[in-house]
Each structure stands twice: as structure tokens, then as C-alpha cells.
Amino acid sequence: MLSDHVKAALDPYMAQIVGYRKSGLSLNHIIGCPLDCAYCVRHFWGNFEVKVPHLLCSTDEAIDRLLNHEAFQPHTTPIQLLNKATDGFVPAVKPHLFQILRALDERGYTNHVLVITRFHVTEQDMAELEQLKHVRVTLLFTYSGITDDRIEPIAKSETTIKSIRTAAAHKKRTGMVLYWRPIVPGWNDQPETMAAVLDLGRTVDAIVFTGLYHKQENAEYMRGLGIEVPYGDDFHRRKTMPFDLDAHVVAAWRASGIDTPLFRKTSCGVAHAHGTADYNGHWGIRELCDICPVKQQQLCADDYREPTAEDMDAVLSQLGYETDFVIEPGHVWTHGLGEQRRYAIQHTLRHQIWELDQPHYLGAHGRSLNGHTANPEQVSALADVREQFERAARYEDD
């Protein structure tokens with residue numbers, strides 16, 4: 001257990017035990033990871049040097065905080081466990097992971113539960129996961145094909161490869177996603193590397209690919225190790241996946257001939273693993289869906305519904321949030337809610353909720369604009385939306 005004075009000195013984001021992210025309501029009461037991935041997001045919050053997992057609170061208290069969070073809805077809210085500052089299958093962390101899963105399952109909740117790992121998953125672990133009767137657990141195995149052990153020290157042990165094969169051999173109701181990330185030019189975009197990753201992906205339910213969180217903190221650390229880091233000083237809050245690299249990945253997947261579907265978004269892969277529609281409503285951004293299986297497209301199309309103003313008002317009232325909004329085909333613009341509240345609305349409506357100050361651009365798929373060109377028509381349309389919000393603000397001031 002971390003002492004109070006150490007907890008008080010933590011970055012506020014690292015100290016937050018329950019918070020909302022795009023893939024779900026995220027429970028993180030354990031921080032500290034020994035895996036030393038050079039690009040780790042913990043660089044952003046000054047926590048990378050903490051290698052030994054520590055509790056911020058007891059697991060019983062953490063479960064209570066999750067279930068009593070303002071945005072938690074039984075059977076609806078997707079949940080992520082221990083995905084911010086540790087790995088759920090590190091030996092010191094694993095008992096807490098299974099305690100949370102059992103607590104959710106004993107209550108009969110059918111929520112999606114996402115667990116990201118690149119560590120040891122054993123036959124015994126799979127037996128315990130398979131005993132769960134209600135929660136829909138998906139294991140997302142982070143595997144990139146990177147072989148430079150300065151970037152991924154765990155890669156030389158083939159631990160993740162062995163875990164994927166073990167899980168695939170013993171799974172029935174547990175979902176499995178190969179989390180192909182980060183894909184970075186010069187690190188793992190060679191044809192033979194991509195072919196090897198895709199071949200490993202034959203055994204999973206879905207493959208989800210994405211790029212690098214390219215920010216100053218992790219870039220400086222990697223350059224200090226002598227690692228060549230692409231993209232220069234073009235840092236962004238969103239992951240970097242240039243248009244050409246996206247096309248290269250899709251082409252490699254099509255050429256591989258594997259049956260495993262490829263997705264650009266985590267929630268799409270998780271939904272497919274359990275035969276459900278995407279809970280993030282990506283069907284509203286149809287350009288994302290060109291690689292999705294026809295069956296999955298039909299599931300999402302059948303589930304899809306454009307919200308009305310009354311729907312938005314009802315959800316805002318239910319969650320206790322306030323914002324102006326503009327409903328457009330495929331998405332709803334909001335302003336000033338903040339990322340966490342926006343995602344709570346998104347998962348309730350299963351529809352894209354966008355923030356005016358952090359716009360999504362067509363073609364970039366919610367990624368940074370590095371390697372993409374903003375659509376001029378969308379830039380003009382965004383200016384029109386901003387004007388609508390400004391008019392509403394003036395009216396309210398009057």
C-alpha cells in the first residue's frame with residue numbers, strides 16, 4: 001500500500017482510481033510495472049520509474065468505488081481493469097484482477113470487461129476465466145512484433161506469444177484480441193515482421209491495430225537509449241498512424257489470407273469477439289468499417305440509431321451533466337464536458353459524442369493529423385458548428 005504522503009505527491013491522473021476512457025470505465029488502484037516498455041504512457045505522468053506494483057487502496061474499496069461511480073450502469077458500461085499503470089497478469093497484481101472479476105460476475109453483471117496484458121497467461125488462469133458465467137471478459141494481448149529489446153525488453157522471451165497460444169488453446173467464452181500496437185515506421189513495419197504478427201493472429205477472435213502515442217516525455221527517454229524515434233517533434237494527444245501506414249497494414253492483412261478480422265478500434269474488436277454491436281457507435285463513421293466482416297457490419301447497422309435532442313437531454317439529466325450540443329449525422333458535438341463525461345454519454349447511447357475543442361477528422365480515424373490531410377469541407381463544417389455554439393452562448397448570456 002502506498003503511504004499517504006507518496007499518494008499526495010502523485011500526478012492527479014495517476015492518483016485517480018476510477019476514471020473514464022474511450023474503451024470503458026477504467027479501474028486502476030494498482031500502479032507500478034516492471035516490464036520497462038520504452039514507449040510506456042507512464043512517462044507522461046512521471047511514474048515510469050515505479051517498477052514494483054503498489055496499491056492505492058484495498059481491492060474491496062476499489063470495487064466499491066467502481067460500482068458506485070456516477071457513470072457505472074450494470075450490463076451497459078464497458079469496464080477496463082488495471083490498464084493504466086500496471087499489467088493485470090504480473091504475479092503481484094493477478095490475485096486482485098481475479099478478485100474484481102469474481103465480484104462483478106457474482107453480481108450477475110454482463111458488462112464487457114477488458115483486460116490488457118503482454119505477460120504470462122497460464123492454463124490455470126484460463127480455467128479461472130472460463131468459470132465466469134456473466135461478465136464478458138476480453139483479453140487484449142499487446143503484441144507488436146518489435147524485436148529491439150531496448151524498446152520492448154519482454155520481446156526476447158516470447159512471453160506474449162506463448163500466452164496467446166495458451167489462451168487460444170483453452171478459451172471458450174473468453175474473448176481474445178491481438179492488440180497489434182504500436183506500429184511504428186522502422187520498428188516493425190517490415191513485410192516479414194507484419195507477416196509474423198498476422199500469422200500469430202490466426203488463433204484469436206480479432207486483431208486491433210494502432211500507432212504510437214508520440215509525446216515529448218517518451219520520445220526523450222527513447223532517444224536517450226539511442227532508439228531512432230520517427231515523427232520528429234510533431235507531438236499529439238492522439239496516437240500517430242499516418243494514412244500510408246494504415247494502408248500498409250490493411251494491405252498486409254489482406255495479402256496474408258488469414259480469416260481473423262482486422263479492426264481499427266478497440267471496441268470494434270471486443271464487440272466482434274462476443275458477437276455484439278460496437279458499443280462506441282463507430283457505425284456513424286462508416287469509413288472505419290470498410291475492413292469489418294459483413295456480419296459485424298450488419299450487427300452494428302441493426303443496433304445503430306441516431307439520438308434525438310430528447311435522448312441527449314435524458315442522458316445528460318441521468319448523469320447530471322450540462323452541455324450545449326449539436327446533433328449531426330453520425331455524431332453529436334458537445335463542448336466543455338471533458339473527455340471522461342463525453343465517453344459516459346457515448347457508451348450510454350452507443351453513439352459517437354465529439355468534443356468541439358478536440359475534433360475528429362475524416363480519414364484520420366480519431367488519430368493525430370500527422371500523416372493525414374484535413375478534409376477542407378469538414379474544416380468548413382466544423383467552423384459552422386463552432387458558430388452555432390457561439391450563438392447559443394450569446395443567447396444564454398442574454
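The values are calculated or read from the model by the stated rules, or taken from the named source; none is laboratory data. Predicted model only: the values in this text are computed from it and were never measured. Please note: Cβ atoms are built from the backbone with ideal geometry, for glycine as well, and neighbour counts cover all protein chains shown.
Observations
- Of the residues making up the range 284-306, not a single one is in a loop (DSSP other than H, G, I, E, B), buried (at least 20 other Cβ atoms within 10 Å of the Cβ), out of contact with any Pro (no Cβ under 7 Å at 6 or more places or on another chain) and of a type outside the set (A, V, I, L, M, F, W, C).
- Restricting the range 260-275 to residues that are assigned to a loop (DSSP other than H, G, I, E, B) and crowded, with 19+ Cβ neighbours inside 10 Å, the residue that is farthest from the chain's Cα centre (by Cα): Thr260
A quick yes/no check of all residues on (1) farther than 21 Å from Cys292 by Cβ; (2) hydrophobic (A, V, I, L, M, F, W, C):
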{"position": "Ala206", "(1), (2)": "no, yes"}
{"position": "Tyr221", "(1), (2)": "yes, no"}
{"position": "Leu225", "(1), (2)": "yes, yes"}
{"position": "Arg238", "(1), (2)": "yes, no"}
{"position": "Asp246", "(1), (2)": "no, no"}
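- Selection within the range 199-239: residues that are among the aliphatic types (A, V, I, L, M) and in contact with a His (Cβ under 8 Å, 6 or more places away or on another chain). The member of this set that is farthest from Cys268 (Cα to Cα) is Val229.
- Look at (1) within 21 Å of the chain's Cα centre (by Cα); (2) at pLDDT 95 or above and you find that Thr240 fails only one, number (2).
- Residue that is nearest to Ile151 (Cα to Cα) [pool: residues in the range 195-228 that are touching a helix residue (DSSP H, G or I) at 6+ places or on another chain (Cβ under 6 Å) and of a type in the set (Ser, Thr, Tyr)]: Tyr221
- Among the residues of the range 48-55, at least one is at pLDDT 95 or above, of a type outside the set (Lys, Arg), exposed (fewer than 15 other Cβ atoms within 10 Å of the Cβ) and in the same structural domain as Tyr13 (by TED's automatic domain parsing).
- Filter result for Asp125 (within 25 Å of Leu66 (Cα to Cα), surrounded by 15 or more Cβ atoms within 10 Å (Cβ to Cβ) and not hydrophobic (A, V, I, L, M, F, W, C)): yes
- The set of residues in the range 323-350 that are surrounded by 17 or more Cβ atoms within 10 Å (Cβ to Cβ), charged (D, E, K, R) and assigned to a helix (DSSP H, G or I) comprises Arg341, Arg342.
- Of residues in the range 190-237 being of a type in the set (A, V, I, L, M) and in contact with a Ser or Thr (Cβ under 7 Å, 6 or more places away or on another chain), the one surrounded by the fewest Cβ atoms within 10 Å (Cβ to Cβ): Ala195
- Close pairs (8 angstrom Cβ cut-off, 6 or more residues apart or separate chains): without any contact (Cβ under 8 Å) to a residue 60 or more places away in the chain in the range 126-138, basic (Lys, Arg) and part of a helix (DSSP H, G or I) anywhere: Leu132/Arg102
- Residues that are over 16 Å from Ser163 (Cβ atoms) and in contact (Cβ under 8 Å) with a residue 12 or more places away in the chain, drawn from the range 87-97: Ala92, His96
- Residues of the range 28-67 classified as in contact with a Pro (Cβ under 9 Å, 6 or more places away or on another chain), closer than 20 Å to Leu97 by Cα and in a loop (DSSP other than H, G, I, E, B), total: 7
- Yes/no for Phe89 being touching a Phe, Trp or Tyr at 6+ places or on another chain (Cβ under 8 Å), more than 24 Å from Lys215 (Cβ to Cβ) and either buried (at least 20 other Cβ atoms within 10 Å of the Cβ) or of a type outside the set (A, V, I, L, M) (or both): yes
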